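Notes follow the structure.
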Amino acid sequence: MKITRFIATEDGGSRFTEIDIPFTQPMKDADGHTLLLSNAYASPNVRFAELPAGMSQTWHNAPARQIVVVLSGVLEVSTTDGQTRQWRAGEAFLADDVTGKGHLTRTVGGATHVMFAPLPSGFSVEKWSV
């Protein structure tokens with residue numbers, strides 16, 4: 001499964017990249033179906049949030065390295081290299097720009113519900129997404 005990651009760049013800006021989260025861990029359910037799971041990680045604290053309609057945040061950093069899952073509504077993020085992307089219900093991204101200028105965030109068309117799942121300290125995205 002591919003998700004977007006946005007990172008701080010060496011010049012203090014931000015940009016989007018793509019990472020692949022492979023499903024390599026087979027698990028049988030009670031009915032005999034084989035589920036394929038990603039590698040697990042223990043999040044220090046998962047939270048749900050409602051972002052208000054009309055929210056338009058100025059340049060800011062992610063408060064933590066975290067996966068954000070959009071549960072309802074539309075969330076839009078812009079990076080310093082001029083790119084803008086939107087995520088809808090069921091889509092996820094990795095906010096990983098905890099330094100530099102950061103990114104812009106806004107809700108589109110109404111309130112947006114999200115789930116924040118921070119990564120643990122020292123978490124290696126590269127090792128996880130292999």
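Values quoted throughout were computed directly from the atomic coordinates according to the rules given, and no laboratory measurement underlies them. Here the structure is a predicted model, which is why all the values come from computation and not from measurement. Cβ: placed from backbone, ideal geometry, glycine included. Neighbour counts: every protein chain shown.
Things worth noting here:
- A simple charge model with +1 on the Cβ of Lys and Arg, -1 on the Cβ of Asp and Glu and nothing else charged puts the dipole of region 1-121 at about 140 debye relative to its Cα centre.
- In nm, spacing of pseudo-spin labels at Ser43 and Met27 (7 Å Cα→C-beta vector): 1.5 nm
- Listed by Cβ neighbour count within 10 Å, with the fewest neighbours leading, His103, His33, His113, His60 appear as His33, His60, His113, His103.
- Per the Cα gyration tensor, the chain maps to an equivalent ellipsoid with semi-axes of 27, 19, 13 Å, ordered largest to smallest.
- The C-alpha atoms of region 23-71 occupy a region whose extents along the principal axes are 48, 22, 17 Å, arranged from largest to smallest.
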